[in-house]
Amino acid sequence: MRISFVLVPLVMLTACMDSTRSERERCIGNAMRDVNVVNRLIEETRANLSRGYALEERTEVSTLERVCQITQEGGGILNVPCNEIVNNRTYVPVAIDLNAEQAKLDSLLQRQPSMQAQANAAVDQCRLYYPETE
């Protein structure tokens, strides 16, 4: 039951954040999503080949032990433990097969132009369907 109390505000916050974007912006963002992913993968693969290894993201969770002060109804102060969970991201070098990485890059580069053309056509449709308003 506790999770639902956390998730409801999170879902509402996400909906509010998305509502600040116009229909046109959402349409264009959706149209560009796949080509943006491919472009990021191309950049990442090129970086891996340049370095000779990949970087793997790892998250280490630790607990920061603290003491919090709570004011009681009578005015007294009560010291209680209040632990905070901290997520630390690190990037660890990982060996890769350079030939396989090059083949992946070649495949992505081959697919990228047609995906870009499809995305551009979809963006044009978004602009027609949702004209700019002033």
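The values are calculated or read from the model by the stated rules, or taken from the named source; none is laboratory data. Small disclaimer: the values here were computed from a predicted structure and weren't measured. Don't worry about glycine lacking a Cβ; one is built from the backbone with ideal geometry, like all the others, and counts go over all protein chains shown.
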Reported set for segment 75-116 where residues are without any contact (Cβ under 8 Å) to a residue 24 or more places away in the chain, hydrophobic (A, V, I, L, M, F, W, C) and not in a helix (DSSP H, G or I) is Ile77, Leu78, Val80, Cys82
Arg46 of a type outside the set (A, V, I, L, M, F, W, C), modelled with pLDDT of 95 or more, within 30 Å of Ala117 (Cα to Cα) and outside any strand (DSSP E or B): yes
In segment 117-134, residues that are assigned to a loop (DSSP other than H, G, I, E, B) and among the aliphatic types (A, V, I, L, M) total 0
Exercise. Kindly check whether there is at least one residue in segment 110-127 that is more than 30 Å from Arg21 (Cα to Cα) and either assigned by TED's automatic domain parsing to the domain that holds Arg21 or surrounded by 10 or more Cβ atoms within 10 Å (Cβ to Cβ) (or both).
Key: yes
Restrict the check to segment 95-103 and report whether at least one residue is over 30 Å from Arg21 (Cα atoms), charged (D, E, K, R) and at pLDDT 90 or above. yes
Within segment 32-83, the count of residues that are basic (Lys, Arg) and surrounded by 13 or more Cβ atoms within 10 Å (Cβ to Cβ) comes to 1
Within segment 64-74, does at least one residue satisfy the condition of being more than 22 Å from the chain's Cα centre (by Cα), among the aliphatic types (A, V, I, L, M) and at pLDDT 95 or above? no
Quick count over segment 79-115, residues being more than 24 Å from Thr59 (Cα to Cα) and touching a Cys at 6+ places or on another chain (Cβ under 9 Å), is 3
